[in-house]
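Below is one structure, written out as C-alpha cells; the observations come after it.
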Amino acid sequence: MTELRALAKSRWRIAIALSTVVVILYFGFILAVAFAKEAMAAEIVPGLSLGILLGALVIVGAWITTWIYTSWANTHFDAKLAELHRKDK
C-alpha cells in the first residue's frame with residue numbers, strides 16, 4: 001500500500017507543479033493587460049499586438065502543460081499503477 005501512496009503523491013506533485021505554471025501564465029497575462037497596457041498594445045507586425053500574441057501563447061502554454069501531464073501519466077503513472085494491480089492479484 002505504501003507504493004500506491006507514493007505513486008499518488010508523485011501524481012499530486014506533478015499536478016500541483018503544472019497547475020502552478022498555468023496559474024502563473026494566466027495571472028501574469030492578466031496583470032500585464034492591467035498594468036502594461038501600452039506595452040500590450042504595441043504592434044509587432046501590422047494587425048498583431050503583443051497582447052494578442054501573449055494571449056495566444058497563454059493558450060499554447062496550457063496545451064503544453066496538459067500534454068506534459070498526459071504524457072507523464074501515460075508512460076509512468078499508468079504503468080506503475082498496472083504493475084501494482086498485478087502484484088495485488
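What to note about this one:
- For the stretch 1-43, the set of residues classified as exposed (fewer than 10 other Cβ atoms within 10 Å of the Cβ) and not in a helix (DSSP H, G or I) consists of Met1 only.
- Residue in the stretch 78-89 that is of a type outside the set (A, V, I, L, M, F, W, C), outside any helix (DSSP H, G or I), on the phi < 0 side of the Ramachandran plot and surrounded by 15 or more Cβ atoms within 10 Å (Cβ to Cβ) present: no
- Close contacts from the stretch 76-89, counting a first residue that is farther than 10 Å from Glu3 by Cβ and modelled with pLDDT of 90 or more and a second that is charged (D, E, K, R) and assigned to a helix (DSSP H, G or I), with Cβ to Cβ under 7 Å and a gap of 6+ residues or different chains, come to Phe77/Arg11.
- First in the stretch 50-61 and over 14 Å from Ala36 (Cα atoms), second anywhere and hydroxyl-bearing (Ser, Thr, Tyr) and surrounded by fewer than 16 Cβ atoms within 10 Å (Cβ to Cβ), Cβ under 8 Å, 6 or more apart: Val58/Tyr26
- Taking the criterion of being of a type in the set (S, T, N, Q) and under 14 Å from Thr70 (Cα atoms), the only residue of the stretch 11-30 that qualifies is Ser19.
- Criterion applied to Ala32, Ala8 was being among the small types (Gly, Ala, Ser) and at pLDDT below 95, and the one residue passing it is Ala8.
- Candidate set: the stretch 5-18, residues that are under 17 Å from the mean Cα position of the chain (by Cα) and in contact (Cβ under 8 Å) with a residue 12 or more places away in the chain; chosen: the one farthest from Leu53 (Cα to Cα): Ser10
- Selection status of Val60, under 30 Å from Leu81 (Cα atoms), within 17 Å of the chain's Cα centre (by Cα), surrounded by 13 or more Cβ atoms within 10 Å (Cβ to Cβ) and of a type outside the set (S, T, N, Q): no
The values are calculated or read from the model by the stated rules, or taken from the named source; none is laboratory data. Everything numeric here is computed off the predicted structure, so don't read it as measured data. As a convention, Cβ positions derive from the backbone with ideal geometry for all residues, glycine included, and neighbour counts pool all protein chains shown.
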